[in-house]
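Take a look at the structure set out below.
The values are calculated or read from the model by the stated rules, or taken from the named source; none is laboratory data. The structure displayed is predicted, hence computed values, not measured ones. Neighbour counts are summed over all protein chains in view; Cβ atoms, including those assigned to glycine, are modelled from backbone coordinates with ideal geometry.
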Amino acid sequence: MALVFRSYLGQSSHWANSGDAERKIDYQIWCGPAMGAFNQWVKGSFLEEMKNRRTVTVALNLLVGAAVATRCSWLRSQRISLPPEVGSFVPLPLDQLEKLLDIDADR
């Protein structure tokens with residue numbers, strides 16, 4: 001039985017990678033703790049719904065969130081007191097991010 005499970009687990013990720021439509025129900029996508037951390041971060045935001053997760057929107061939110069966390073960490077390392085809520089960045093829709101960052105989408 002262990003060999004059957006091992007074979008299935010090995011093939012299920014291969015089916016997903018190759019896009020085998022006949023085995024779509026058997027697809028297995030491997031992910032680590034980062035996926036769970038991301039899902040926890042977006043909980044309660046507009047990114048909680050899968051339909052809102054577009055590559056550019058997710059990537060820009062991750063970059064801005066990392067920049068906010070880094071800046072707050074730098075300030076705290078210089079013994080500047082910040083309220084706890086200042087270091088948390090709530091994901092924003094792409095149009096709001098572009099406005100916040102003063103990005104011209106037509107460029």
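Values computed for the structure shown
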{"read-out": "Per-region count, the range 58-107, residues among the β-branched types (Val, Ile, Thr), at pLDDT 90 or above, over 15 Å from SER45 (Cα atoms) and assigned to a loop (DSSP other than H, G, I, E, B)", "value": "1"}
{"read-out": "Residues located in the range 45-57, provided they are assigned to a helix (DSSP H, G or I) and among the polar types (S, T, N, Q)", "value": "ASN52, THR55, THR57"}
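Okay, residues lined up against (1) among the polar types (S, T, N, Q); (2) loosely packed, with under 10 Cβ neighbours inside 10 Å; (3) touching a strand residue (DSSP E or B) at 6+ places or on another chain (Cβ under 6 Å):
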| position | (1), (2), (3) |
| --- | --- |
| ARG23 | no, no, no |
| ASN39 | yes, no, no |
| LEU75 | no, no, no |
| GLN78 | yes, yes, no |
